[in-house]
Amino acid sequence: MAGILFIISAPSGSGKSTLVSQLRTLVEGLDFSISYTTRAPRGSEENGREYYFTTREEFERMVAAGDFLEWAEVFGNYYGTAVSALQHAKDLGKDLLLDIDVQGALQVMKKMPQAVSIFILPPSPQVLERRLRNRSAAENMTAETIIEKRLNGAKGELKMVWDYQYALVNDVLDEAVTEMRAVVLYERGLRDDGIEELAKGCRTNAASAKLQAVLGAFGE
Ligand code: ADP
Ligand code: 5GP
């Protein structure tokens, strides 16, 4: 394994976690970096599985100690990727997936220009709102302010899509998973079974008409 670093970003509720977990059942050798966050666990989340849940004081101590490859404040909470995640994946001989927001992604792109960046878009604001509401209902927390914050945040984040190498629209889940798998395998050097064509079609410049249409629906 080449030890490739994949940066994956998406507005909250686009389906990034769903896509990443399906991808990991289909593609071997992918390690997932568990971030640190100061937000409270949601639904069935467990410490050390989705995130390491920590306090602001402890997070700030880690920042000062240089423990983070990148970190950012997102929706009023801190999130960060531990430097140790890179070594952990390397020790396992795996590629590493970072699920991070656009601010963190820009930091990693600067520090590690060889990283492969993938942006996931929801098909429309209406679908994004529905997904955010469905998820909140499933987790018994329909705080209107949280949903509104995330919907408004999406608009600003989507503008950043052009800084990424690849972009996928998560409309039909199976199709988005197939595209994401193609990008990962293409970056690993695979060229058969239509992988190359599918991956190249997901490059932001190749998919620009489709991406512009989504941005337009969000009023961008
Ligand atoms: P994110 O990690 O981007 O915040 P999630 O993976 O938690 O988003 O997905 C948000 C909600 O949308 C979840 O309820 C999930 O089951 C649903 N979802 C994700 N992808 C799709 C899809 N392609 N079609 C329909 N629902 C989806
Ligand atoms: P959520 O609270 O929905 O799990 O995540 C909110 C946002 O924080 C998402 O955009 C997610 O990608 C981002 N995020 C999660 N972990 C990290 C991290 O380690 N660093 C940064 N910069 N963003 C993160």
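The values are calculated or read from the model by the stated rules, or taken from the named source; none is laboratory data. Computed from a predicted structure; not experimentally measured. All Cβ positions, glycine included, derive from the backbone under ideal geometry; neighbour counts span all protein chains shown. All accessible areas refer to the heavy atoms of the entire protein, side chains included, with ligands and DNA or RNA removed. Shrake-Rupley method; radii C 1.70, N 1.55, O 1.52, S 1.80 Å.
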Check your understanding: Which pairs do you get when a residue that is more than 13 Å from A167 (Cβ to Cβ), found in segment 196-207, comes within reach of a residue that is outside any loop (DSSP other than H, G, I, E, B) and open to solvent by 60 Å² or more (accessible area, probe 1.4 Å), reach meaning Cβ atoms under 9 angstrom, with the pair 6+ apart or on two chains?
Key -> L198/T178; L198/R181
**Study point:** Answer from V108, V74 - the residue that is within 15 Å of ligand 1 (Cβ to nearest atom) and at negative phi
**Key:** V74
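May I ask you to list the residues in segment 89-101 that are touching a strand residue (DSSP E or B) at 6+ places or on another chain (Cβ under 7 Å), farther than 16 Å from T37 by Cβ and either in a helix (DSSP H, G or I) or among the acidic types (D, E) (or both)?
Selection gives A89, L92, D95.
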Review point. Are there any pairs, at least 6 apart or on different chains, whose C-beta atoms fall under 8 Å, with the first in segment 208-220 and over 14 Å from I120 (Cα atoms) and the second open to solvent by 70 Å² or more (accessible area, probe 1.4 Å) and among the charged types (D, E, K, R), and if so, which?
Key: F218/K155; G219/K155; E220/K155; E220/K159
Check your understanding: Taking L26, is it touching a residue at least 60 places away in the same chain (Cβ under 8 Å), closer than 23 Å to R203 by Cβ, more than 13 Å from ligand 2 (Cβ to nearest atom) and surrounded by fewer than 19 Cβ atoms within 10 Å (Cβ to Cβ)?
Key -> yes
Revision key, fill the gap. Those residues of segment 113-127 that are under 22 Å from A199 (Cα atoms) and surrounded by 14 or more Cβ atoms within 10 Å (Cβ to Cβ) come to a total of 9
Check your understanding: Would you pick out the residues in segment 187-209 that are among the acidic types (D, E), modelled with pLDDT of 95 or more and either open to solvent by 70 Å² or more (accessible area, probe 1.4 Å) or more than 18 Å from Q114 (Cα to Cα) (or both)?
Key -> E196, E197
Point to revise | Residue check, L132 within 14 Å of ligand 2 (Cβ to nearest atom), in contact with a helix residue (DSSP H, G or I) (Cβ under 6 Å, 6 or more places away or on another chain), open to solvent by less than 40 Å² (accessible area, probe 1.4 Å) and part of a helix (DSSP H, G or I) | key: yes
Revision key, fill the gap. Flagged in segment 55-88 as open to solvent by 20 Å² or more (accessible area, probe 1.4 Å), among the β-branched types (V, I, T) and either closer than 11 Å to D31 by Cα or outside any helix (DSSP H, G or I) (or both), in numbering order, are T55, V74, V83
Practice item. Output the qualifying pairs, or none if there are none: Cβ atoms under 6 angstrom, residues six or more apart or on different chains, first residue in segment 1-20 and within 16 Å of D101 (Cα to Cα) and in a loop (DSSP other than H, G, I, E, B), second residue open to solvent by less than 20 Å² (accessible area, probe 1.4 Å) and among the small types (G, A, S). Key: P11/A154
Study note, to complete from the structure: Taking segment 1-23 and the residues there that are of a type in the set (S, T, Y) and either buried (at least 19 other Cβ atoms within 10 Å of the Cβ) or in contact with a Ser or Thr (Cβ under 6 Å, 6 or more places away or on another chain) (or both), the one that is nearest to V177 (Cα to Cα) would be S14
